[in-house]
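The values are calculated or read from the model by the stated rules, or taken from the named source; none is laboratory data. Source: prediction; values computed, not measured. A quick note on method: Cβ atoms are made from the backbone with ideal geometry, for glycine too, and the neighbour counts reach across all protein chains shown.
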């Protein structure tokens with residue numbers, strides 16, 4: 001079976017393996033692959049990922065297992081979605097590596113990119129890659145030939161190619177998975193307050209990350225900061241201007257926003273590039289399909305008192321986003337931010353999925369969406385969940401061996417309210433924590449532990465003290481949740497020395 005579309009999959013920030021360019025006949029040296037030893041060495045020797053010191057790293061593939069950009073994002077690897085994409089009927093898979101020849105006839109592409117350099121830089125290479133793959137086809141043959149799936153930052157890269165770089169005529173559809181169309185407050189937190197964990201501040205890593213345009217490109221593009229010195233909402237890119245108006249020397253943390261204005265302009269370029277699409281006499285607009293994670297505690301707003309910036313999980317009450325505060329987000333991107341701009345005012349029904357940010361990038365519904373286009377030309381047969389019910393999982397990005405981890409699981413708001421009124425309705429819930437199996441290996445049998453209800457927190461809790469480093473699968477199951485039935489949530493946790 002020949003495939004009608006050229007399918008391109010783009011990972012999120014930190015999701016691409018990066019290698020130093022080889023010297024002589026030696027193979028490229030991997031600098032970033034997101035395994036635990038690699039993460040730790042990066043924290044202690046961050047210069048290897050400095051754009052200034054290592055400007056020419058080569059993207060060679062998609063990461064496996066857990067990716068950790070300190071304080072910013074945790075992503076499971078992409079081996080599961082890679083296997084599913086390779087198994088599609090008629091698929092010929094190729095990795096878009098700038099250091100190797102292209103596979104002739106490939107129709108499923110994995111597109112790693114240097115996430116440090118930002119959205120526009122990656123989009124330029126995406127344009128050249130797709131042009132090369134479609135070379136020799138007529139304009140009519142190219143029209144609507146491409147389907148792009150972008151996880152997290154990958155969705156922004158695709159949007160820049162489609163809009164400012166003119167790729168829209170070639171594209172049938174864009175599928176975004178937890179893409180921060182309006183930005184992620186986590187990026188603001190790490191740029192201003194630094195890469196930190198358990199009270200430790202990794203200053204070297206912070207300085208390196210502040211040199212990444214890619215992180216600046218994830219800054220929120222809406223006024224999610226409340227400036228208590230003026231009582232007014234503030235855009236992140238305006239925060240440094242606000243601080244500079246104060247007498248005295250500039251504050252060091254705000255130096256991390258040095259690339260914020262370039263990021264703001266990048267988003268404006270996307271908005272400008274998309275404006276004429278679909279208008280009479282212009283190119284058709286590719287269909288945009290979004291999947292939005294919901295129900296998980298997510299950094300959403302910030303307060304600036306003129307000296308310190310506090311980013312927290314409280315929905316910014318000063319913004320006119322009625323209803324979205326109940327959806328929370330996917331642990332990294334607020335739900336309202338994952339809605340594409342052209343769908344503003346669109347109901348999130350049919351777009352919601354219960355996965356957290358990382359697991360969303362390798363969920364089974366990705367290939368279901370792709371095949372719906374291949375077979376029917378539409379995704380109407382593949383919908384997200386219409387019910388706003390999900391278990392909210394509070395789990396750190398990483399944890400240290402030998403220290404106690406508290407896992408917190410929250411019921412949906414309406415279920416929690418019913419339980420408060422009638423404790424007899426409290427559902428039974430279990431947790432499994434087991435070593436993450438290697439690809440293709442079965443999961444080790446593990447007995448579940450009952451979750452303990454904490455009435456004061458209005459949540460289930462479980463304390464766990466790991467004694468071995470590695471990657472652990474965390475699974476939560478709750479039975480007979482009032483008004484919602486059986487619910488579940490999964491994630492992967494990195495445990496390190």
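Odds and ends about this structure:
- First in segment 143-169 and in the same structural domain as residue 333 (by TED's automatic domain parsing) and without any contact (Cβ under 8 Å) to a residue 12 or more places away in the chain, second anywhere and surrounded by 24 or more Cβ atoms within 10 Å (Cβ to Cβ) and in a helix (DSSP H, G or I), Cβ under 9 Å, 6 or more apart: none
- Annotation note: of 340, 286, 359, the sole residue that is modelled with pLDDT of 90 or more, under 24 Å from residue 111 (Cβ atoms), surrounded by fewer than 23 Cβ atoms within 10 Å (Cβ to Cβ) and not assigned by TED's automatic domain parsing to the domain that holds residue 413 is 340.
- For residue 140, the conditions (1) in a strand (DSSP E or B); (2) closer than 21 Å to residue 377 by Cα; (3) free of Cβ contacts under 8 Å to residues at least 60 places away in the same chain all hold with the exception of (1).
- In segment 157-185, the residues that are within 20 Å of the chain's Cα centre (by Cα) and assigned to a loop (DSSP other than H, G, I, E, B): 178, 179, 180, 181, 182, 183, 184
- Comparison of 154, 150, 214 shows that the only residue that is at pLDDT 95 or above, within 22 Å of residue 110 (Cα to Cα), in a helix (DSSP H, G or I) and touching a strand residue (DSSP E or B) at 6+ places or on another chain (Cβ under 6 Å) is 154.
- Residues (out of contact with any helix residue (DSSP H, G or I) (no Cβ under 8 Å at 6 or more places or on another chain) and either buried (at least 18 other Cβ atoms within 10 Å of the Cβ) or farther than 23 Å from residue 117 by Cβ (or both)) located in segment 197-210: 197, 198, 199, 200, 201
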